Every structure is written in C-alpha cells, then in structure tokens.
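Below is one structure, written out as structure tokens, with a few remarks after it.
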Amino acid sequence: MRNMMPKSFALLAGGALIAAAAHAEVDREGWPSSFTIGTASQGGTFYIYGSGWANLIADQLGDITGGGEVTGGPTQNLALVHNGDLAFGMTTMGPAADAMNGESPLAPGVVMDNACAMFPMYETPFSVTALSSSGITSISDIPDGSRIGFGPSGSTSDVYFPAILEELGVNFERRNGGWSDLGGQLQDGLLDVVAFAAGVPIPAVSQLEVQTDVNIIEFSEEEQAQIIDAFPVSEFMIPANTYETLEEDARAVSMWNFAIAACDLPESFVYEATRITMENNDRMMSVHRSAETSIPENIVYNTVMPFHPGAARWFNENGYEIADDMISQ
C-alpha cells in the first residue's frame, strides 16, 4: 500500500501536466490582451456574477486580464457587444429576441447580429418588494400613483416590468436607477415599491432585510397565468430559503439569461472561455449561487440567437448538441 501512493500521485500529476500542456498549445492568434464583460448596475446579480466570471477566466488563462463593467444591463450589453465595445456581456432572452429582430429600444431597426450566445446562466425572476410598513402584501394592494422603481433605464426590468404591471391594472409613477440606489430610496420612503428583475437572491433585497422589515410580494395564480399569456416569460417559484423574509416559496415569473460574446472574437478564445466556465461550476457558485443553473443542459433555453462557433464547439464535443442552424456562420 505504501508503494502505491507515490504511483497514484505520479499518475495524477502526470495527467494534470498533460492537460496543462494541451491547453498551453491552444492557438491564441488574434486573442485580446484583456477583455471586459458588460454586467449591469452595482447591487444586482449581473454585476456580481459577471465580475466573478471575469476573474475566473483571467485566472485560468493566466496571461490575460479581465473585469466586469457597470452598464445599463441586458439591452445595453447587446448593443455594446454587437458594436465591438465589449468582448463579452450578459443578457436576457426577451431583449435578445428584440435585438435579433431589429427591435431594440436602443437602436430601432438595427439587427444586432454580431452578438452570439455563449452559455446559459440562470433564470431572472420578476418580483416585487415593499416595506412591511406600507401594508402592501399583494399586487392589488399597490395604490394608484405609487412610485415604483424599475431598475436601470433599458434593463430587462425596465423594458418588461412596467408593461407587466400595466397588464395587471396597476397605475404608477415610473422611476429608474441602480438596484442599490432604489433599495435605499425604498428604505427612505422615496419609493413605494421596487419591481426587481434579477437573479435571486438579489443583493439589494438581502441588504434591505438586514436593515428593515420588507414584504416580498408574489403574484396570484391568476396574475401569473395572465402574465405568461401576454409576455415571453415562464412559471417560477422563488424558494423560501432565498430570503429570511419568506416563509414559503413565492410565485413569480422568469426569463432565462445567457452570456454573450462578440461573434467576430477568435473561435479558440471563446472556446476556452466557455470551457473554463462550464468545467468550473463550483467556482461560479462560489461567486453567486444562481450559477447552480449555469450548466450545459440548459443550452436548450436559447432559441433566439446563434451560438458563437467557439462555444458551440465545446458543447458539441461534450455531448450537448447544438444544431448547425443555431451556430453563427
């Protein structure tokens, strides 16, 4: 038994060296010396997830630097990646469908075909938060003319949540801002409600729970069905253990988020970035627990934008088939 241990370690070390050598031989022609990932406002899940993701890629590649950048969120990220201002970004399927159809509110008529899908991230639930002192415990409780914060201008929340609440008959004054800022305004009584569309747990809501009593307001079954019928969303339940405030799962709706890359980035660069992310889910979950669903099986939730050839190659090599007509040419 004593003699087997060194051999076992030698085999493990040898395997690691072979793997390292294989990745060292990757063709790096045309790779950037640094990269930036478009996220969203500070205090939101996109910012935390994206900044951690950038650090993981840079750490694993070794000789390239990367970081997250505060942006207006999914809609702006599509435009910034399409225009070549950012290498990578994070978006949501609703804004992605609009961008692919030339219907982005930031650039009406422009088909954003230089933004390609990389990998699935997580679902974005749409949820409503109010102070407990407001007495608002349901959507129907929201008074006419309430001041509602919808996140950064042009974000998924800002594009879809006002229309969702209008569909449900809510009349409101619309406010925009970063999630942390809106959470502070809610606590200070400058807002009546914040309508969050972000991966859970939302840092701004978790912070509010520490400082004051809040109500996390779920949709009724009828409201959920009405929203699903009218918008590109699906059923979602916010698990009770997401927040201290919740005593049971809360009914919501959600959209899927995907990481995106400029379609003209070198195939080998995007392949390596995809490989690193998909093969280090434990590291991604240490960044934000929403990464639990950042797994290859969930590529099926992108039906609106082509995958980058580098990302598609990794998935196809690892048994997750992406059809040719869903790969950017």
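What value in Å³ per residue do you get for the convex hull of the alpha-carbon atoms in the range 173-282? Numbers along the way, then the final one.
Details: hull volume 18.6 nm³, N = 110.
Here the figure is 169 Å³ per residue.
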### Summary
Across PRO232, PRO74, PRO108, the residue with the highest GNM fluctuation in the chain (Cα network, 10 Å cutoff) is PRO108
#### Entry: THR39 long-range amide H proximity, modeled H, under 5 Å
GLU69, THR71
### Query
With the chain treated as a Gaussian network of Cα nodes joined by springs under 10 Å, which of ILE228, ILE299, ILE202 yields the largest mean-square fluctuation?
ILE228
### Message
Apply the Karplus curve 6.51 cos²θ - 1.76 cosθ + 1.60, θ = phi - 60°, to the phi angles in the range 270-276 and return the couplings in whole Hz, x for Gly and Pro.
### Response
5, 4, 5, 5, 5, 4, 4
## Note on the structure
Contact order relative to length for the chain, counting C-alpha pairs under 8 Å separated by 6 or more residues, stands in percent at 23
## Note on the structure
Residues whose modelled amide H sits under 5 Å from the amide H of SER146, counting only those 5 or more places away in sequence or on another chain, are GLU173
#### Entry: Cut-off under 5 Å, modelled amide H: who pairs with PHE119 long-range
ALA259
### Summary
For the range 222-234, Karplus-derived ³J(HN,Hα) couplings (6.51, -1.76, 1.60; θ = phi - 60°; whole Hz; x for glycine and proline) come out as 5, 5, 4, 4, 5, 5, 4, 5, 9, 9, x, 10, 9
### Message
How are the alpha carbon pair distances in the range 69-155 distributed across 5 Å bins from zero to the largest one, expressed in percent?
### Response
3, 13, 21, 19, 13, 10, 10, 8, 5, 0
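Per the Kirkwood treatment, what hydrodynamic radius in Å, one decimal, follows for the range 230-329 from the mean inverse distance over all distinct Cα pairs? Please list the in-between numbers first.
Numbers: mean 1/r = 0.0649 Å⁻¹.
So the Kirkwood estimate lands at 15.4 Å.
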### Message
I'd like the accessible area for GLU279, computed on protein heavy atoms only with a 1.4 Å probe and all protein chains in place. Round to 10 Å², please.
### Response
100
### Message
Once each part is reduced to its C-alpha centroid, what is the distance from the range 181-196 to the range 68-88 in angstrom?
### Response
26
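Inverting the mean 1/r over all pairs of different Cα atoms, compute the Kirkwood radius of the chain and quote it in Å. Write out the running numbers ahead of the final one.
Values: mean 1/r = 0.0481 Å⁻¹.
Result for the chain, one decimal place: 20.8 Å.
The values are calculated or read from the model by the stated rules, or taken from the named source; none is laboratory data. Note that this is a predicted model, so its numbers are computed, not measured. These accessible areas exclude ligands, DNA and RNA; they are computed on the full protein's heavy atoms, side chains included. Shrake-Rupley method; radii C 1.70, N 1.55, O 1.52, S 1.80 Å.
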